[in-house]
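The values are calculated or read from the model by the stated rules, or taken from the named source; none is laboratory data. Only a predicted model underlies this, so the values are computations on that prediction, with no experimental measurement involved. Here the Cβ positions follow ideal geometry from the backbone for every residue, glycine too, while neighbour counts run over all protein chains shown.
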Amino acid sequence: MSTDPDILDTPTDADRSDDFQTDRRAARPDIELCSVVVDYEDGPDRRTVYPDGLSSVERMSTWLTADDDAFVDLESAR
């Protein structure tokens, strides 16, 4: 089951993933994302992605960080 409160999950047979259905809420707003890259001399550069417009307190629990080379340009991936 999803932990995203905006996805409505339908229980399924674990061996039949084609039965899994999710419905997104139609009223869900678009989310603008920001990113910051931190350069490290002794390791891979790291990129942190977070929603725009959050307070610093809200941002502390709403982010994702990974090696910068794990990200691809959206236009080049289409």
*What number of residues within segment 35-44 satisfy the criterion of being surrounded by 12 or more Cβ atoms within 10 Å (Cβ to Cβ) and assigned to a loop (DSSP other than H, G, I, E, B)?*
1
*For THR48, indicate whether it is in a strand (DSSP E or B), touching a Leu at 6+ places or on another chain (Cβ under 8 Å), at pLDDT 85 or above and polar (S, T, N, Q).*
yes
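What residue, among those in segment 51-71 that are closer than 22 Å to PRO29 by Cα and in a strand (DSSP E or B), is farthest from the chain's Cα centre (by Cα)?
Step one: of segment 51-71, the residues closer than 22 Å to PRO29 by Cα are 51-64.
Narrowing the set further to residues that are in a strand (DSSP E or B) leaves 51, 64.
Numbers: PRO51: 9, LEU64: 7 Å.
My answer is PRO51.
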